[in-house]
Amino acid sequence: MQPIDWLVIGLYFSVLLGVAWWVILRNKDTAADYFLAGRNLGWWVIGASIFASNIGSEHIVGLAGSGAKNGVTMAHYELHAWCLLVLAWVFVPFYARSQVFTMPEFLERRFCTRSRYVLSVVSLLTFIVSKIAVGIFAGGVVFATLLPEIRINVGGLVIDSFWIGSIAVIVLTGLYTMLGGMRAVAYNDAVQVIVLITGSAILTIYGLVKLGGWGNLRELCGSDMFNLWKPMVPPGVESTWAPVLEKNAAGEVVKQAWYFNTNFPWLGMAICAPVIGLWYWCTDQYIVQRALGAPNETIARRGSIFAAFLKLFPVYLFIIPGLICYALVKANTVPELTKHFDAQGAFPLMVKYLLPPGLRGLVVAGLLSALMGSLAGVFNACSTLFTVDLYAKWKPAASQHQLVRTGRIATAVMVLIALMWIPVVQGAHSLYEYLQAVQGYLAPPIFVVFFFGVFWKRLNAQGCLAAMVVGFALGVFRMAVDTPVTMKLSGFEDGYTPGSFLWIINNINFQYFSIIITAVSAAVMVAVSYVTRAPNESQIRSLTFGTATAEDRARTRASWNRNDVLTSGLILAAILGAYLYFRG
């Protein structure tokens, strides 16, 4: 990092602080203003904020690392821009007319208060073990790669650049989030998206030029790296079910493998990935809170469509740089990059060894933008969930000032808990794979109760509650089985005894296990609903397709026009084109 790099980063932070200060001066000390920006966000701010909240450092670092290791496989998750169109066209009407603050609050309206509490607690757990902890860890990876020489000695304890960078960024992000609330998050996100896309595009272009063009990239990577659809069974393995003995050159058995744990098989990508995508983009407080900040249905829909357009970029700006890094190392084009190559640090390594001073500072600012945008979003979502869904229920007489203060305290507590969870993330095989696995274990029951609940009016509160309890129990059980092995705790360095029940559970591919949780949750919800009383239609009026009134339908039809439909169609065409191109 040269002085000019630090100057660029300093200018960037000055802009962010200026925007945050301007927002803080405009804020009112009310819950609606702090948590939903007074429901007065513009469509472009909503779209940019959704995108910035999604594309955090864990995405940039994790996607580039996955690209360097597995090729374009993870593009499946990034091509889920179509899920944002489902949010825009299917769920926005229900959310807009219900005027809720949170997703658990919507679930309470549709089912019961107990389902609201369960979803609130599980959502907070998900935020801590995935979004916050992974975001902080990814930021630490960036600092450890770019500034490895930084050390601080505190009473004999040496703190390295990983922890210095992680803590510094979350303190800065937490500060403007706690002071400015949702409005500060959304407007800073709008600035960060510009820096993020510009910086990543510059790195991609520099990498391709250094490599000699797109043709050389495809040739060096090979067709398999450019193939979205991975086989269910690795080449040369006859069965995905029977244990296989792996032997060394001397013929000695060194490992008993169960190839059901193949990474990213096409069946898992075809079923599990959409379930996670629809949960994340349509029902997760972290994302949907931006759409809830719209003044009306039209703005919320257009903001979601704009976010879907922005979501087309990550494949080319974050995954492709990982492939470029792999190709540069394979061709030994940049000796320093080859010498220090580590797939998980592919993106920051390219920033360090490819870009000239000045531009390096701009791209680092983009990385910091990603980290701060995603962390700010999850901080605000956490404080909203805890304050609105839990604290306000416990203290119904709390003033607006007390609600805002509680939200700020909740944010600080969540950060401290997440810092303690980072060692689990550090032990993961792959940062992005860890993120998708955790979401795959916790998302299915939420997906089931929201989608089934909106499309199937016969399903009731008892079915919803049973589905969530059973589904979350299965997900937490799998996490409990995986965690000792991931962290390599004493006695678990080599995992469980081959062939045992826990060994089989630990070796089932996370996507297949996610499919099992989805199927079980759906079956439980339907079965329990049909052996208990049907819901009262007056209670669920306007909250399902079957109970939407003529007035509801007329209002929704008046909220969109031909341009909204055309734009959505073009986004779907772009997604289809990417699927057709990345076939190996």
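The values are calculated or read from the model by the stated rules, or taken from the named source; none is laboratory data. Bear in mind the structure is a predicted one, so any value in this text is a computation, not a measurement. In this analysis, Cβ positions are derived from the backbone assuming ideal geometry, glycine residues included, and neighbour counts consider all displayed protein chains.
Below is a table of values for the structure above.
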| read-out | value |
| --- | --- |
| Test: residue in region 267-279 that is outside any helix (DSSP H, G or I) and in contact with a Phe, Trp or Tyr (Cβ under 8 Å, 6 or more places away or on another chain) | no |
| Region 458-502 - residue that is β-branched (Val, Ile, Thr) and touching a residue at least 40 places away in the same chain (Cβ under 8 Å) and, of those, surrounded by the fewest Cβ atoms within 10 Å (Cβ to Cβ) | Thr483 |
| Near pairs, Cβ below 7 angstrom, 6+ apart or cross-chain, from region 139-150 (under 7 Å from Ser161 (Cβ atoms)) to any residue that is among the aromatic types (Phe, Trp, Tyr) | Phe143/Phe162; Ala144/Phe162 |
| From Leu328, Leu310, residue being closer than 27 Å to Val129 by Cα, in contact with a helix residue (DSSP H, G or I) (Cβ under 7 Å, 6 or more places away or on another chain) and modelled with pLDDT of 85 or more | Leu310 |
| Tally, over region 291-333, of residues that are within 30 Å of Tyr95 (Cα to Cα) and assigned to a helix (DSSP H, G or I) | 18 |
| Unmet criterion (only one of (1) touching a residue at least 40 places away in the same chain (Cβ under 8 Å); (2) touching a Cys at 6+ places or on another chain (Cβ under 9 Å); (3) closer than 19 Å to Val363 by Cβ) for Cys325 | (2) |
| Any hit, region 435-453, residues being at pLDDT below 95, in a helix (DSSP H, G or I), of a type in the set (Val, Ile, Thr) and out of contact with any helix residue (DSSP H, G or I) (no Cβ under 6 Å at 6 or more places or on another chain) | no |
| Test set (1) basic (Lys, Arg); (2) surrounded by fewer than 20 Cβ atoms within 10 Å (Cβ to Cβ); (3) in contact (Cβ under 8 Å) with a residue 12 or more places away in the chain - Lys311 fails condition number | (2) |
| Single unsatisfied condition, Val90 versus (1) at pLDDT 90 or above; (2) surrounded by 22 or more Cβ atoms within 10 Å (Cβ to Cβ) | (2) |
| Search result, residues across region 336-386 that are among the small types (Gly, Ala, Ser) and closer than 30 Å to Val413 by Cβ | Ala365, Gly366, Ser369, Ala370, Gly373, Ser374, Ala376, Gly377, Ala381, Ser383 |
| Region 97-116: number of residues that are assigned to a helix (DSSP H, G or I) and modelled with pLDDT of 85 or more | 12 |
| Extreme residue, farthest from Phe347 (Cα to Cα), among residues of region 188-226 that are of a type in the set (Ser, Thr, Tyr) and assigned to a helix (DSSP H, G or I) | Thr198 |
| Test for Ile159: is it in contact with a strand residue (DSSP E or B) (Cβ under 6 Å, 6 or more places away or on another chain), surrounded by fewer than 21 Cβ atoms within 10 Å (Cβ to Cβ) and at negative phi | yes |
| Yes/no for Arg553 being in a helix (DSSP H, G or I) and over 30 Å from the mean Cα position of the chain (by Cα) | yes |
| Selected residue (criterion: surrounded by the most Cβ atoms within 10 Å (Cβ to Cβ)) from residues of region 504-543 that are more than 28 Å from the chain's Cα centre (by Cα) and assigned to a helix (DSSP H, G or I) | Ser529 |
| Residue in region 231-246 that is part of a helix (DSSP H, G or I) and either at pLDDT 85 or above or charged (D, E, K, R) (or both) present | no |
| Residue that is over 18 Å from the mean Cα position of the chain (by Cα), of a type outside the set (Asp, Glu), over 25 Å from Ala308 (Cβ atoms) and modelled with pLDDT of 70 or more, where the choices are Ile164, Ile128, Ile136, Ile202 | Ile164 |
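Matching residues to (1) at pLDDT 95 or above; (2) not hydrophobic (A, V, I, L, M, F, W, C):
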| residue | (1), (2) |
| --- | --- |
| Ala467 | yes, no |
| Phe477 | no, no |
| Met487 | no, no |
| Ser500 | no, yes |
| Asn509 | no, yes |
| Tyr512 | no, yes |
| Val524 | yes, no |
| Ala534 | no, no |
